[in-house]
Each structure stands twice: as structure tokens, then as C-alpha cells.
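Following: one structure in C-alpha cells, then a few remarks.
The values are calculated or read from the model by the stated rules, or taken from the named source; none is laboratory data. Quantities reported herein were computed from a predicted structural model and do not represent experimental measurements. Glycine also receives a Cβ, built like all others from the backbone with ideal geometry; neighbour counts cover every protein chain displayed. With ligands, DNA and RNA removed, areas are computed over all heavy atoms of the protein, side chains included. Shrake-Rupley method; radii C 1.70, N 1.55, O 1.52, S 1.80 Å.
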Amino acid sequence: MLPVDLPGTVRDALLAPLVDHHCHGVRRDDLSRAEFELLINEGGSPAPPGTTHFDAPLGMAVRRWCAPLLDLEPHAPPAVYVSRREELGAAEVNRRLLTGAGVVAFLVDTAPANTSATDIDLLTATEMGRHGGAAADELVRIEQIERDVAEDAPLAVDYLDGVGEELTARAARAVGLKTVIASLYGLDFDPARPTRGAVIAAANRRLSDPKPPLTDEILLRHLLWSAIDVARERGLPVQLHTGFGGSGPDLHRTDPGRLGAFARMLQPVGVPLILLHCYPYHRQAAYLAGVHPHVYVDVGLALPHTAAASARVVDELLELAPFHKLLFSSGCHGVAETCYLGALYYRQALGAALGSRLAAGEWSAADAARIAHMIGSGNARRVYRL
Amino acid sequence: MLPVDLPGTVRDALLAPLVDHHCHGVRRDDLSRAEFELLINEGGSPAPPGTTHFDAPLGMAVRRWCAPLLDLEPHAPPAVYVSRREELGAAEVNRRLLTGAGVVAFLVDTAPANTSATDIDLLTATEMGRHGGAAADELVRIEQIERDVAEDAPLAVDYLDGVGEELTARAARAVGLKTVIASLYGLDFDPARPTRGAVIAAANRRLSDPKPPLTDEILLRHLLWSAIDVARERGLPVQLHTGFGGSGPDLHRTDPGRLGAFARMLQPVGVPLILLHCYPYHRQAAYLAGVHPHVYVDVGLALPHTAAASARVVDELLELAPFHKLLFSSGCHGVAETCYLGALYYRQALGAALGSRLAAGEWSAADAARIAHMIGSGNARRVYRL
Amino acid sequence: MLPVDLPGTVRDALLAPLVDHHCHGVRRDDLSRAEFELLINEGGSPAPPGTTHFDAPLGMAVRRWCAPLLDLEPHAPPAVYVSRREELGAAEVNRRLLTGAGVVAFLVDTAPANTSATDIDLLTATEMGRHGGAAADELVRIEQIERDVAEDAPLAVDYLDGVGEELTARAARAVGLKTVIASLYGLDFDPARPTRGAVIAAANRRLSDPKPPLTDEILLRHLLWSAIDVARERGLPVQLHTGFGGSGPDLHRTDPGRLGAFARMLQPVGVPLILLHCYPYHRQAAYLAGVHPHVYVDVGLALPHTAAASARVVDELLELAPFHKLLFSSGCHGVAETCYLGALYYRQALGAALGSRLAAGEWSAADAARIAHMIGSGNARRVYRL
């Protein structure tokens, strides 16, 4: 898995426990094959007749790397894998895979990955920690809070108060805030804080009956800037989903390179901005992390999904990103396989990157080990004050 | 050419006959050096004084790989290559190169690659098949149909009827429809079907004298949605040129990532949407193929053009794309060299990708062979119902 | 550094003196650690507390490759490096690094890299040449000229005359003109020459008190087209900064792929257009260089900044770009380390690309050597008429 000739200190640094600074809870119930297939694909539809979502990079990786943790041979057929999964039961499978990831702390966005889903049964942050033999903390998905407030607020003014109060209350128990504005609107939003008048007008539309889904740019910006206020007050970072993952606007509108003006506006505020996933715009994200002292970056979900090809994605991220700005996350959601594979491919990809730099004499082993520790856990401990 | 240590089954799968699901006819006449140079470049202009289009990746590949098929040494100088080509005659050259590609079926867009060219002399689909020792079927370029209709229609209403009738008539003899809306307008078109009123108004402008070229967004959308109606009725897929290739709007407007809303709108219709070429946005295209059950993808023309560097392009496509959504095409046009090199670099690139996954233990040999068959011909047989 | 099994002729071609067709002067004064750190980062802000800009690809490369030229061990700690730098003195450090780059001619943009900085003390073009043991010529930054004219012009009409006269006067002593319109506005400008009326109106706003910074699209286009007039008259090329580097508009607006219409408009004019840096849009730039006979491309600044990962960047550029359109530049600015590393990583990356093509039998050694000479100096001599 790791290059064979890595110095021991570098190997140890790569194998050290990770802080998974962004993941979701996984399903606690046993899954049919159809359910499992939907959860290893980002699209939400079954594969076309005669095909299977297992025939994708992530599906191959599940069969290769997760099968042995379920006592199967590598490359076990999909039917065998799903049936063994059911046989062991979700709790045991989750325990094996989450523990196998070698994570020391999970930071968990407990809202479902897809904001429109409400009824699925996910492990809580505490349970993620317990199953994974790790500490666990919560991330507050701000659009989830907004939805709860919009449900109950009779008037726009209550809505505004409610958003502020709920953000403050929830942030008190969290280590970070997270926004999915990229999925709901796009990253080509006006970076300025909207005026109160505009927000009131938009809130009135939002509170109409039946309620429209939250896609209004004004309200999303209001929510984001409210979150920034709370984050500044409490010294919390704000996570921003960018790039691929889930449905939403056209992909090019989720390019984090569109966040230049917003990042500049945020710089004097001092709130760390953490760009999640980013693929296929991870080079753009790395650039932002390089020029803004408060911008951080990971490629989260891209690792389990690009699987056997993930080494190049990580190496592209390393082209420009400062090493004190890189974080590990598994982007885990739906099934614990994504957590296990996220950690596995992260270690494998970073190991390959370090190995090639050592072989070329570009880096010293001491620096390589130090940087592996920084990316794997040190930077997260600093930014999230763990 | 293929990695030396590939298992026999994988090697056999890579060398098996391919379905080239998108190519153009090649020139039937003998070509001067100046003509040949224009056809191995996408720009349509001669190279600057003192330089040659042979000094580009495709030109180097012609000298390296096509020269031996013309009984020359590898790396033959350009002048020698062109003169030997003339000596053998176009028919013999086409025969050697098309046969050499190892293709079992050509799906041929018989409209010229550049819609504005009318007078060049290309092999028909039947001739492509005969020269290449393969079956051959036709793809209907919808903008070509529109041009024929616009020539003859006296009134807007005739134009509308004509487009519908011609599409239906031509589709009856074809295995797929194809649009070059990306080159004529861009992919940032309004995805909705235009209203009849808007189309009539636009058709009136289109039928004015002298006729403007077809760049009107309304008419292009009308044409596309008319094609989708016909495709649905007949169970045909629709090909969409995206990314580089030919002149047209600024490159970023041809990014298939801009097709998210259109793809979502098309999903319930059930017409397969096949993204062609895609470079340098093939990662975006692979993502769409992953999340939409009806979206397929290739990197066609990018293979002969990136030549010695094509392995990375294919490997990037494999980062996210499901294996049942990938197709082979040579993107062949102008000269048969592009067909031969498209097939050669496809096999070489996929061979390298499979070889590295096997060496890393990521995939089993059985899966690798199965997937090579799917991409090389199986998926095309399924989508085009060959 | 270079692949060990390169043929001697290829090795010689790679090690031959380079024309650095785009660099800036470097600081002539001794630098504190804080100052040095700011100059090896593109953002203009110190690294966050507890971190250092040395922990980035460029910083690692400085410690690895520049340290030995300062008589230190490879991987010297940052503090040791900066202190040795001070001990030797800026003049000696500049001499060692610039000479070490193996450059035969520097083309120097003598305006500061950041247009808003006025007071920093940079080597002149002549001094760059003297320190580097090379010839040196000047590039005219057109926005710098505009600023000087805007300072003094009492009326809009004087401004217009002044811009034209100053461009003509400065171009007489220069080998090329350069625009940073990408940083000041973006590349999504209207490609047409603005009308005189629009320019007069914009100039009146520009001459108001206090003067706004130069971000007006009309004035920037006027300046660019005035520069093109002068360039055509004198047979000079125009350089265009694109992609990453410095602050400015959101990154996606600096994508050279947006220059398609402008490039087409410029084609009949016959002025060479040289795309600088381009990262992470170098594939788009390579495409433009392939389809337009007057478009050239480099990845300048991306080489020292992506450092240990620069080989892939160069190899991606080589996917589509014609070999007679590629140029070497170090993108050197601020500190001479960027020049030394730009040249080192260029040679290393091109060496790797040639080595892999030779090993795969894709290119002949004769072609590889010839192409290395073209990219390293031949193309620049032709375009700049050196």
C-alpha cells in the first residue's frame, strides 16, 4: 500500500491516527443491494439496466479494499459483498470500517448529505466516534438550521432573529460551521453582505405557503454572513463545500476559483475558510489557500471516488498548496466504506507523493514526516482548536 | 506498445476489434503537403513561416506510428512521409490505416468536420467501412439537416415542418443523432425547449436574404429538442460535441460541465446523451456520466491530438467515470491517420491504466479484461443497439 | 537532475543557455526573513501565526536547490538559509543564482510585479544581464506607461495622445510589450477596439481627483489596442499575463481560454500574442497556441511555484501545444531564487518529458534535441527577433 522504501519516520507519520475534519454520519441500518448501490454513487439514480454502480472506481475499491475487512477475498463479486455485509449487520460493518480507517477524531456534519432527504437514519456524531474508536465533534450545517427556523417563523423578523439565535446556540456545541451554498445556488454569489431590507423581502417570500426550497441568493448570503459573525465571535472556522458532489447548479458554478473576492472580503475578519472536496477545481482551491492566510483546503470526497487514480489528485493539490493549509477528510457519507477508503487512499496518495519527492532528493525525510503529520492531524488541531 | 506484463486475457481484450462510435469520413483524394498539414491541425491556418504543423504531438505521432504502415522507417521526415503517401495513393493509404486501426464498426458523421466547408471530398460511411474492413453506420448531424432545410423553406412554418420531417427521415437510416451546438453557439444555452412563437420569429430571421450562418440560440435549441423528440421515438442516442476541436466560441463555453441543467431535464426523457471529445474538460464530463444514468462520455479526438501524452488524459477520464459509460471513438476526420492513431493511443492508454491498476493490486485481471471489452465495444453495442 | 539515460545530444540541448523571455528585476537589497517570505509567496500576506511560507513547494525548493549555491547543505533550515543570504549580501546572492540559471538573455519587465507597489528597489534590465552574465532587453509594461501618462495629462485628449506617444517612444527601446489586463480586469473583456468617444469619457473619469486605480475596461482595451498598433508597426510581440499570479479578479476570469475571440480578431493583424504563466489553464492556452498561428505560450511562474510537481505541468502543456509555439521563461520576480528554480525545473521537467518519449520510442533523439533547442531559445529568438 505505501511505497516499500519509505523511511520509517515517514511511514509512521503516514500511519499515525488522522483527524477526519469533515465527514457525515453513515447509515445505521442494513442495506439492500439497491440501497447500497445508490449510496456509492453521487447521482441518486440506479445504474442503467444491465449495469451496476459497482462498475465505477469507488465500487472497485469497495470490492478490493473493504472486502477483506468483511473476511472476504479481495475483488469479491458485488453480490457476495452486499450479502456478507448484511450477514455481519450494519453495526459490525460500521465498527470494522470506521475503526479500520485509523481516525482519532471525527468532525461530523450530522445533516444528511442531501438537504432534501429527511427520513434516513444516520449515526450521530457520538456514535461515529464510538464505532470508530475515536473522539467526535459536531459541525453545524447552516442551511439545516435555516430550514428549521423557516418551518416555525411566523414573520420575516422572527426568521431573522431565529437564524441568528439558532446559529449562536448550535455553534456553542460545535467545532465549526459548514455551508452548502455551492449546491443550493453556486459560488458565483455576490460576496457582499446583503442589506436588511433585501433580506426581509426575501424572507417574506421564503415564509410563503408552500415554502420554496432554499435557493434564494439573498437568504443564502445572509445566512453565510450570519454564520461568519458567529464564527468570528467563537473562533470557529467555516467550511464551504465546493466542486463535485451531489446535485445542484452546473459544475462550473461550484469552482472555488470564484471565491476570490469573497475570500479577500473575509481576510480582515480572520475567520478561517475551509474549502471542501474542490475536485475537479482543486488546483484553483490550492491557489486560494496559497494567497490567503485564512483559506484552507482538502480534496475530501474526491479520494474514495477517484480511488485507484487518487494519487494524481493529491499530487495536483500539492502543486501549489502550502503544507500548513492542507487537511485530511474522508468526506464520508452514507456508508462507512467511504470513510475507510478515504483514509486508505489519502495515506496511499500522500505516501506516493512523499516517496517520489524523497526519491528525487527534493525533500528530506524529516520534512516529509513533519508535513505528513501536519496534513494528517496537526493542521486540523490548530484550525479547529481540538 | 502495451505494457509487457499484462495478463493474456487483458491483452486480448485490448486488442479486440473496436466499435468507433464517432468518426468522420476522410479525404479520398491525394493530398499535397500543405493540404496534409492543414488536416493534422485544428486551426485551419498554415503554420507560421519557418515552422510546420508536423512539429506538434499529432505530427510526431504520424511520423512515428503511421510511417511504418506506409513502409517507411519510424520518425520518417515530413517530406518523405507526404511523398510516400502520394506515391501509394489515397485509396491505398486509407485502406492500410483504416484497416490497421482494428475497428469492427464505424459510426460515421458524414457531414464535414467544419460546417462551413462544403466542397471537400470525403469517404461515405459505406466507403469507410469498406476501406476499414468493418461495418459502417451513419450518424445524423442535425445542423447539416437544418442547413438543407433553410436553403429551401420559403416560410418559417415550412422551415419548422421541414426540420421535423427531415430529422425523422434521416434518423430512420441512422444509429444516432449528433449536434455541434457547442461550436456554433456554446454550451451555455438555455436548456428549456423554446416556445413556438420564439422559434417562428427566429426562423423568419434565418430565412432572410442573405442567410446568416446558424448561430441563433433559439433555432439551435429548437433543432436540438426536435432531435431529442425523434431520438426518443426511435430509441437513438444524441451525441454532443464538447470541448476543444474546430473554431467556435471561447473554449470555456464548450465545457460540458455547463450541461448539468440540460442533462437533468433530459433524464426523464430517457434519451442517452453522449459527450464527445470533452478535453480539457473530460473530468467534468466524467462527473456528469457518473451522476446521470443517461450520460455517456469519450475523449475521442483528444487521443490522436495529445498522442504521446494521451495516457494521462485517459487516466483522468477514469478517475470518476463509470466503466459502463465510457466509449471509444477515434474522432477521426480529414485523414485516416487520425483514425489509426486514435485506436492506437486508446489501446496504449487504456493498457497503461489497466497495467498500473493490476500492478498495484487495485483490480483483478478478470475485471480489467471485462472493462476493456465494455469500453472498446460492449457499451457502444448496448447504447447504439448495434 | 536530468534522467540518467538521456542521449548526449538531448542532454546538451537541455543544458544549453536559455533565453528567459519574461522575467522581472529582483531586489537589490538585503532581505529580512519576513521580507524574503513575502517574496516567495504570491499573496502578499505573512503566513498565519505558527506557520511559514517556506512550508510550500517553492520554499522547499529554495532550501533544496538554492542552498547549495550559497554553500549550504541541501534542505538547510529556513533561518540558516536567510541568514546565509544576508551574510553573502544581495549582490553576491543575485550573481550566484542568476548566473547559475544558465541564461544567455533576459527579457525584463522592469515594472514591479505588483502594479500598486512603487517604492521597491529592483535590478534594472542591464543589471539583471550583468549579474547573470547574459544579454538583457526590456519589455514595456503598458499599464505602467498609462499610469505615468495619467499622472500628468491635464485633459482626456492629452491622455490619449500621451498614451500613444509614450508607447511609441518606449517601444523603440524594447523587444516586446506586455499587458496585465488579466490582473486589473480579467480576460472577459470585450475584444473589440473601443470607440474614441467611449475612451474620452472613460479618460475623463480616470483623470478625476483622486485618481481611481486603472481597472476601467474601456481604458484597458484602448491601451491594449494602442499597444497592438505600436507592436504591429515595430514588429514586436505582445505578452499577456494569464492565470494565477498576483491578486486581481476571480481566477476563472484569467483563463486564457476566454481569449478565443480576441485571438481571432488579432490574427489578421499579425502581432504575436504570448500567453504567460497560464496555470491552471495551461491546457486551454496550449489549445489556443495550436489553432492560432500567432499565439505562443509558456508556463513561466508555474515552474518555480509548483517545484517538485512541475514535471506534470510541463507535460500537460506538451499535450497539445505545437513545439514551435512554446517558450521558456522563469517568471522570475522579487528574488533571484525564482529565476534559478525556474530554469532548473524547466530543464528537469522537459528532460523528464523527453526521456519518457524516448523510452517509449515515441520520438527520435534527433527530434528531442531539436525541440529542446527550439523551446529553450530558438523560438524566442525568432519571435523577439533577438
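Please list, ordered by residue number, the helices (runs of 4 or more DSSP H) wholly in segment A:1-114 having 3 or more residues that are open to solvent by 10 Å² or more (accessible area, probe 1.4 Å).
On the way: elements: A:8-15, A:33-39, A:57-61, A:78-88, A:90-100.
Counting at least 3 such residues, we get A:8-15, A:33-39, A:78-88, A:90-100.
Out of A:344, A:350, which single residue is under 23 Å from residue B:283 (Cα atoms), away from chain C (no Cβ under 12 Å) and surrounded by fewer than 24 Cβ atoms within 10 Å (Cβ to Cβ)?
Details: A:350 fails: surrounded by fewer than 24 Cβ atoms within 10 Å (Cβ to Cβ).
From the options A:344, A:350, the qualifying one is A:344.
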task = Hey, could you check segment C:192-221 for residues that are of a type in the set (Gly, Ala, Ser) and in a loop (DSSP other than H, G, I, E, B) and say which is farthest from residue C:155 (Cα to Cα)?
result = C:192
note = When restricted to A:381, A:312, A:347, the only residue under 23 Å from residue A:272 (Cα atoms) and of a type outside the set (A, V, I, L, M) is A:381
request  = Could you look through segment B:33-58, keep only residues that are touching an Asp or Glu at 6+ places or on another chain (Cβ under 8 Å) and not hydrophobic (A, V, I, L, M, F, W, C), and pick out the one that is farthest from residue B:310 (Cα to Cα)?
outcome  = B:46
Residues satisfying the stated conditions in segment C:42-79, i.e. under 21 Å from the mean Cα position of the chain (by Cα) and modelled with pLDDT under 95 = C:42, C:43, C:44
note = Residue hits (segment A:131-173; in a loop (DSSP other than H, G, I, E, B) and either closer than 19 Å to residue A:22 by Cα or of a type in the set (A, V, I, L, M) (or both)) are A:133, A:134, A:153, A:155, A:172, A:173
note = Those residues of segment C:247-270 which are open to solvent by 10 Å² or more (accessible area, probe 1.4 Å), closer than 25 Å to residue C:160 by Cα and in contact (Cβ under 8 Å) with a residue 60 or more places away in the chain amount to C:265
Output for segment B:243-261, where each listed residue is in contact with a helix residue (DSSP H, G or I) (Cβ under 9 Å, 6 or more places away or on another chain) and within 15 Å of residue A:251 (Cα to Cα) = B:243, B:252, B:253, B:254, B:255, B:256, B:257, B:258, B:259, B:260
request  = Give me a count of the residues in segment A:115-154 that are among the aliphatic types (A, V, I, L, M), surrounded by fewer than 18 Cβ atoms within 10 Å (Cβ to Cβ) and at pLDDT below 95.
outcome  = 2
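Listed here are the residues, each with its yes/no results for (1) basic (Lys, Arg); (2) within 14 Å of another protein chain (Cβ to nearest Cβ); (3) crowded, with 23+ Cβ neighbours inside 10 Å.
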{"residue": "B:203", "(1), (2), (3)": "no, no, yes"}
{"residue": "B:209", "(1), (2), (3)": "no, no, no"}
{"residue": "B:226", "(1), (2), (3)": "no, no, no"}
{"residue": "B:230", "(1), (2), (3)": "no, no, yes"}
{"residue": "B:245", "(1), (2), (3)": "no, yes, yes"}
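So that you can scan it fast, the table gives a plain yes or no per residue for (1) over 17 Å from residue C:50 (Cα atoms); (2) touching a residue at least 40 places away in the same chain (Cβ under 8 Å):
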site	(1), (2)
A:304	yes, yes
A:316	yes, no
A:325	no, yes
A:329	yes, yes
A:335	yes, yes
A:340	yes, yes
A:358	yes, yes
A:369	yes, yes
A:383	no, yes
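When you go through A:320, A:273 one by one, which is the residue that is closer than 23 Å to residue A:252 by Cα, open to solvent by 10 Å² or more (accessible area, probe 1.4 Å) and either at pLDDT 95 or above or away from chain C (no Cβ under 12 Å) (or both)? Before you say what the answer is, go through the steps one by one.
Details: A:273 fails: open to solvent by 10 Å² or more (accessible area, probe 1.4 Å).
One residue alone meets the criteria, A:320.
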request  = Go through A:186, A:176 for me and flag whichever is in a loop (DSSP other than H, G, I, E, B), within 25 Å of the chain's Cα centre (by Cα) and buried (at least 20 other Cβ atoms within 10 Å of the Cβ).
outcome  = A:186
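For segment A:298-312, does any single residue satisfy the condition of being facing chain C (nearest Cβ under 9 Å), under 19 Å from residue C:37 (Cα atoms) and surrounded by fewer than 24 Cβ atoms within 10 Å (Cβ to Cβ)? It would help to see each step written out before you state the result.
If we filter segment A:298-312 for residues that are facing chain C (nearest Cβ under 9 Å), which is where we start, we get A:312.
Subset that is under 19 Å from residue C:37 (Cα atoms): none.
The answer is no, given that none of the residues of segment A:298-312 is facing chain C (nearest Cβ under 9 Å), under 19 Å from residue C:37 (Cα atoms) and surrounded by fewer than 24 Cβ atoms within 10 Å (Cβ to Cβ).
Going through C:221, C:253, C:234 one at a time, which residue ends up being among the basic types (Lys, Arg) and within 11 Å of another protein chain (Cβ to nearest Cβ)?
Among C:221, C:253, C:234, only C:253 is among the basic types (Lys, Arg) and within 11 Å of another protein chain (Cβ to nearest Cβ).
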